[in-house]
Amino acid sequence: MNCTQFKAAIEALRAGEPGVAVCDQFRAHARSCPACASEFAPFLSTKCQQITDFLAEYFEGELSADQRRVFEFHMNACPECKCYLDSYRQSIQLARDCAQPAPPPPQRLIDAILAARRGQCSNG
Ligand SMILES: [Zn+2]
Ligand SMILES: [Zn+2]
């Protein structure tokens with residue numbers, strides 16, 4: 001990936017275009033290209049762990065506009081987190097269907113889901 005492709009892909013993701021899942025390529029380019037790395041630092045420096053920490057606030061609508069942009073950008077770029085988001089949304093839906101209050105999931109459950117989903121959703 002060169003700088004032009006990198007910026008084009010970033011812009012596509014920021015515009016919310018689906019189907020661009022190039023997290024690893026972004027990171028590889030950012031490592032080798034300080035100019036791009038600094039230009040898109042808020043997007044590239046966000047780690048999957050931080051994104052999963054944002055999940056509850058995202059669903060509560062409590063993220064700032066900037067946080068939400070970073071969050072949604074990461075979701076577009078990272079299949080693992082996208083998959084996790086989907087399973088999280090489903091679990092919220094299930095909880096609502098059962099008319100039960102949804103307690104925040106314990107960390108070890110999050111870890112287990114993440115690990116399981118990572119296997120399931122691996123796209124090679
Ligand atoms: Zn570059
Ligand atoms: Zn991720």
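Numerical summary
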read-out: Pairwise FRET efficiency - D53 versus Q93, Cβ, R0 = 30 Å, nearest 0.05; value: 0.90
read-out: Radius 15 Å from Cβ of M1, net charge of other residues (Lys, Arg +1; Asp, Glu -1); value: 0
read-out: Set of the range 70-91 residues, backbone N closer than 16 Å to the point 7 Å along the Cα-Cβ line of D111; value: none
read-out: Around L114: net Lys/Arg minus Asp/Glu count, Cβ-Cβ under 11 Å; value: +1
read-out: Environment charge at F71 (Cβ cut-off 13 Å; Lys +1, Arg +1, Asp -1, Glu -1); value: -1
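Read the figures in this text as sums done on the coordinates, not as results from a lab. Since the model is a prediction, treat every value here as computed from it, not as a measurement. Note: ideal-geometry Cβ built from the backbone for every residue, glycine included; neighbour counts use all protein chains shown.
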